[in-house]
Amino acid sequence: MADLPTITASRIAELLERTPRSSFVAGRFLGGTASLDVLDPATGRALTQVVDADAPAVGLKALDAAVDVQEDWAATTPRQRSEILRRAYDLCHERADDLALLMTLEMGKPLAEAYGEVTYGAEFLRWFSEEAVRLPGRFRHAPAADEAILTVARPVGPTLLITPWNFPLSMGTRKIAPALAAGCTVVLKPAQKTPLTSLLLMEILAEAGVPAGVVNCVVSSDSKGLSSTLMSDPRLRKVSFTGSTPVGRTLLAQASEHVLKASMELGGNAPFLVLPSADVETAVKAAMLGKFRNNGEACTAANRFYVHSSLAEEFTARLAEETAKLQVGPGIAPGTTMGPMIDAAALEKIEDLVADAVDRGARVLVGGRRPAPASLAAGGSASTDSTDSTDSSDSSSSDGGYFYEPTVLTDVPRAARVNREEIFGPVAPIIVLDDIDEMVAAANDTEFGLMAYVAGEDLGEVTDVAGRIESGMVAVNIGVASDPSAPFGGVKESGLGREGSHEGITEFLEMTYVRLPL
């Protein structure tokens, strides 16, 4: 975004003062005593407090509200639902300044990227406003009888939506929009680290005309209490979750009790393959976006870089050069291109992963530590001095913020944890291989299969490799593939079902088959 607004303390205070801070049930914010801190990851201090709902009690109230209006909402015409979603899309753009600033404050991403998420998140509302009037169904002559086959799509019913903290707006709209378009009522459980954006979205949806009870939002630190309570209730008919694979496994087990329809977008460990035919500049541009967008905190982020030996030296040098240019700092600070990690635990995990790789023989080319406080607001960039790079004792976060320098590692052994675990931070480990088949085998050597990246200019080489990678999505020569009009989801332990596109709405529908005499 070319011209970002200047963010002042008074602007932040005014926005936080008018942002809702309690659960939204049956068309109203419930109020109560705020006791749950929402932290600013750039400082480690509380931005504000929200009401920490009693998950079982408030969750049941939310489900009651959703059940009470499910039949009425399902009976609205597709055009009515479409127009409400389109109004919500327009309102998101009208409130873009508020939404973007809230996301930056509570999650930490650079403000320019937060504005990008407003555009992306709002687009799900527009896309599914158009899908609402195109629900699937057909009528045809039975092949072997003088009878007809009629198939009709019906909403699955009340739905529990559980969203993560890393994309506070778009993870909500990506689930809410198809649910509403299909005629389902919902209970949203946003991440406790980033509830403010979701609560503002509730206000926007109500203003757009969503009837009371159709969308409910429960803010609570007791995620397990909410999910177990609602999923044991036979009135709930669907659960959609985005988060870690271990939690997804637990939810799938709980879903089996009442055979709930389930959508799971789980962990990732995305490989980035630089093939012999790759254009290095194109590959580096894609790698920078695929790795460092959203502070590296994305399930689709490039996690393991497998580079063909013929291009390894040039690609590694250019990636390190571009990484060193990234500006670390608070998301609201002018010029910031890399914000803080979400919390102390995330920061410590990244430090552990880098230390493990270095202990096993990896070299730090760029970054590899927490930045010096003076380098943040003053306009410094990621350090290229790898001396004592894993020792952060003399270099700490600014004012308690959870910052880590964008990092490039080379000579990374295959046994290093960065090759096996989802990094969820700004660390790019490079592994050099001599053979394309070996690169594909390494890419597939994981239980995950959400996203993969391929850089190459030879069409036959690229299509062959892309077709052999075990992944729900493959991006070729680009660093971002997410699009509301495309089916988003993974294979293996990266999940079940798809979000976005035509497939996204079918996750909230059930098909009824009717046999008729002609």
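Restricting the range 36-59 to residues that are assigned to a strand (DSSP E or B) and in contact (Cβ under 8 Å) with a residue 40 or more places away in the chain, the residue that is most open to solvent (accessible area, probe 1.4 Å) is 45. Of the residues that make up the range 291-298, is at least one in contact (Cβ under 8 Å) with a residue 24 or more places away in the chain, among the basic types (Lys, Arg), open to solvent by 30 Å² or more (accessible area, probe 1.4 Å) and closer than 20 Å to residue 171 by Cα? Yes.
Restricting attention to the range 345-402, the residues being part of a loop (DSSP other than H, G, I, E, B), more than 19 Å from residue 110 (Cβ to Cβ) and modelled with pLDDT of 50 or more number 6. For the range 301-343, the tally of residues that are in contact with a strand residue (DSSP E or B) (Cβ under 7 Å, 6 or more places away or on another chain), open to solvent by less than 10 Å² (accessible area, probe 1.4 Å) and more than 19 Å from residue 453 (Cα to Cα) stands at 2. Residue 285 meets each of the listed conditions (1) open to solvent by 20 Å² or more (accessible area, probe 1.4 Å); (2) in contact (Cβ under 8 Å) with a residue 24 or more places away in the chain; (3) more than 24 Å from residue 439 (Cα to Cα) apart from (3).
Reported count of residues in the range 1-35, each being touching a residue at least 40 places away in the same chain (Cβ under 8 Å) and within 30 Å of residue 64 (Cβ to Cβ), is 11.
With the condition kept exactly as written, say whether any residue in the range 300-316 is among the basic types (Lys, Arg) and more than 20 Å from residue 420 (Cβ to Cβ).
Keep residues of the range 300-316 that are among the basic types (Lys, Arg), which gives 304.
Still in the running and more than 20 Å from residue 420 (Cβ to Cβ): none.
No, every residue in the range 300-316 fails to be among the basic types (Lys, Arg) and more than 20 Å from residue 420 (Cβ to Cβ).
Of the residues contained in the range 122-129, one or more are found to be in contact (Cβ under 8 Å) with a residue 60 or more places away in the chain and either assigned to a loop (DSSP other than H, G, I, E, B) or under 17 Å from residue 190 (Cβ atoms) (or both).
Just to be sure, is residue 250 of a type in the set (Ser, Thr, Tyr), surrounded by fewer than 20 Cβ atoms within 10 Å (Cβ to Cβ), part of a helix (DSSP H, G or I) and free of Cβ contacts under 8 Å to residues at least 24 places away in the same chain? So that I can check it myself, show each step before the final result.
On the way: of a type in the set (Ser, Thr, Tyr): yes; surrounded by fewer than 20 Cβ atoms within 10 Å (Cβ to Cβ): yes; part of a helix (DSSP H, G or I): yes; free of Cβ contacts under 8 Å to residues at least 24 places away in the same chain: yes.
So residue 250 fits the description; yes.
All of 139, 167 fail the test of being of a type in the set (Phe, Trp, Tyr), touching a strand residue (DSSP E or B) at 6+ places or on another chain (Cβ under 8 Å), open to solvent by 10 Å² or more (accessible area, probe 1.4 Å) and not in a helix (DSSP H, G or I), apart from 139.
In the range 475-518, of all residues being out of contact with any strand residue (DSSP E or B) (no Cβ under 8 Å at 6 or more places or on another chain) and of a type in the set (D, E, K, R), the one that is surrounded by the most Cβ atoms within 10 Å (Cβ to Cβ) corresponds to 493. Quick check on residue 13: is it loosely packed, with under 14 Cβ neighbours inside 10 Å and in a helix (DSSP H, G or I)? Criteria met by residue 13.
So which residues in the range 225-247 are touching a helix residue (DSSP H, G or I) at 6+ places or on another chain (Cβ under 7 Å), in a helix (DSSP H, G or I) and of a type outside the set (A, V, I, L, M, F, W, C)? Even if it seems obvious, please write down each step before you answer.
Within the range 225-247, the first condition is being touching a helix residue (DSSP H, G or I) at 6+ places or on another chain (Cβ under 7 Å), and the residues that meet it are 225-231, 233, 235-236, 239-242, 245.
Of the ones still in play, those that are also in a helix (DSSP H, G or I) are 225-231, 245.
Correct list: 225, 227, 228, 229, 245.
Among all residues of the range 63-81, there is none that is modelled with pLDDT of 95 or more and within 18 Å of the chain's Cα centre (by Cα).
Select from the range 215-233 the residues that are farther than 19 Å from residue 198 by Cβ and in contact with a Pro (Cβ under 8 Å, 6 or more places away or on another chain) and list them in ascending order.
Pass one, the range 215-233, residues farther than 19 Å from residue 198 by Cβ: 228-229, 231-233.
Answer for the range 215-233, where residues must be farther than 19 Å from residue 198 by Cβ and in contact with a Pro (Cβ under 8 Å, 6 or more places away or on another chain): just 229.
Only residues that are β-branched (Val, Ile, Thr) and either at pLDDT below 95 or farther than 19 Å from residue 376 by Cα (or both) were counted across the range 293-335, and they come to 3.
Apart from one condition, residue 451 fits all of (1) farther than 21 Å from residue 357 by Cβ; (2) more than 20 Å from the chain's Cα centre (by Cα); (3) open to solvent by less than 30 Å² (accessible area, probe 1.4 Å); the exception is (2). Could you run through the range 187-224 and say how many residues are assigned to a helix (DSSP H, G or I) and open to solvent by less than 10 Å² (accessible area, probe 1.4 Å)? Residues in the range 187-224 being assigned to a helix (DSSP H, G or I) and open to solvent by less than 10 Å² (accessible area, probe 1.4 Å): 10 in total.
The values are calculated or read from the model by the stated rules, or taken from the named source; none is laboratory data. Note that this is a predicted model, so its numbers are computed, not measured. Virtual Cβ from ideal backbone geometry, glycine too; neighbours counted across all protein chains shown. Just so you know, the surface numbers come from the protein's heavy atoms only, side chains and all, with ligands and any DNA or RNA stripped out. Shrake-Rupley method; radii C 1.70, N 1.55, O 1.52, S 1.80 Å.
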